[in-house]
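Undergrad: Shown below is the structure under consideration.
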Amino acid sequence: MEKYTKPNFKRCAVITIDTQNDFSLPGAVAEIKGTYAVVPRMKLILDAARASGIPIIHVVRLYMENGSNVDLCRKELIESGVAIVRPGTKGAELVEEIMPADAKAADPRVLLEGGFPLIGPSEWMMYKPRWGAFYQTGLEAFLRDKDIDTLIFIGCNFPNCPRTSIYQASERDFKLILVEDSLSGVYEQGIAEMKNIGVRIYQTQPLLNELQQ
């Protein structure tokens with residue numbers, strides 16, 4: 001029963017979710033526990049994708065100081081003056097280990113306007129205004145334009161943004177891979193639910209074997 005869900009590694013892209021300093025680094029203001037521990041495996045996947053010319057899209061959050069673009073559950077916190085992934089700050093940047101060599105800085109204004117700034121060969125950043133990477137963004141059109149039909153998800157905090165993004169991608173008929181040991185916050189019932197909608201669950205090493213063929 002895999003005719004329509006089998007990954008196509010000839011037309012795939014790697015999607016990283018919210019692997020930013022404020023969410024990822026130990027002791028950071030909004031640290032998601034377990035995220036920094038998966039960064040070394042994320043790097044292995046990203047380096048393999050770079051070596052094979054596989055597109056990479058880094059999806060990030062940016063919270064304006066006035067809270068105008070913040071989820072309701074965090075809006076009061078940001079309005080109180082707490083700076084989390086504030087545009088132009090170090091905390092909003094991607095964790096250094098997952099950046100491409102000689103990465104180009106992404107202009108926060110371009111991100112907030114819906115652009116996809118190039119930060120390395122076949123490697124882009126994009127901003128999402130809510131949990132899901134497809135909500136009010138140009139991600140689907142961007143992927144279709146590049147003839148991508150398979151998405152590999154890694155990064156930060158499965159229950160929130162990766163989970164939502166995966167469901168949105170499923171609704172758009174993308175073939176899907178979740179790399180269990182390269183994504184923080186993964187739990188057993190969530191994995192079962194992903195399998196139920198056709199998501200393939202990989203560990204890092206078997207995925208590297210596929211990407212390096």
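Undergrad: Would it be correct to say that GLU123 is in contact (Cβ under 8 Å) with a residue 24 or more places away in the chain and either within 28 Å of TYR167 (Cβ to Cβ) or out of contact with any helix residue (DSSP H, G or I) (no Cβ under 8 Å at 6 or more places or on another chain) (or both)?
TA: In short, yes.
Undergrad: Where in segment 133-213 are there strands (runs of 3 or more DSSP E), lying fully within it, with 1 or more residues that are among the acidic types (Asp, Glu)?
TA: So the answer is 175-183.
Undergrad: Further question: Go through (1) among the β-branched types (Val, Ile, Thr); (2) crowded, with 18+ Cβ neighbours inside 10 Å; (3) touching a helix residue (DSSP H, G or I) at 6+ places or on another chain (Cβ under 7 Å); (4) under 21 Å from ASN157 (Cα atoms) one by one and return the number of the condition ILE78 breaks.
TA: Unmet condition: (3).
Undergrad: Could we say that PHE116 is over 30 Å from GLU2 (Cα atoms) and among the aromatic types (Phe, Trp, Tyr) here?
TA: Yes; evaluated as a whole, the condition is true for this residue.
Undergrad: What tally of residues in segment 1-45 results from selecting those that are of a type in the set (Phe, Trp, Tyr) and surrounded by fewer than 20 Cβ atoms within 10 Å (Cβ to Cβ)?
TA: Residues meeting the conditions: 2.
Undergrad: Here are the criteria: (1) touching a helix residue (DSSP H, G or I) at 6+ places or on another chain (Cβ under 9 Å); (2) not β-branched (Val, Ile, Thr); (3) not in a loop (DSSP other than H, G, I, E, B). Tell me which single one PRO87 does not satisfy.
TA: Failed condition: (3).
Undergrad: Output the residue which, of all residues in segment 163-192 that are surrounded by 13 or more Cβ atoms within 10 Å (Cβ to Cβ) and free of Cβ contacts under 8 Å to residues at least 24 places away in the same chain, is farthest from VAL14 (Cα to Cα).
TA: It comes out as ILE191.
Read-outs: derived from the displayed coordinates by stated rules, not from any lab. Please read these numbers as outputs of a predicted model, since none were measured by experiment. FYI the Cβ positions are ideal-geometry reconstructions off the backbone, even for glycines, and counts take in every protein chain you see.
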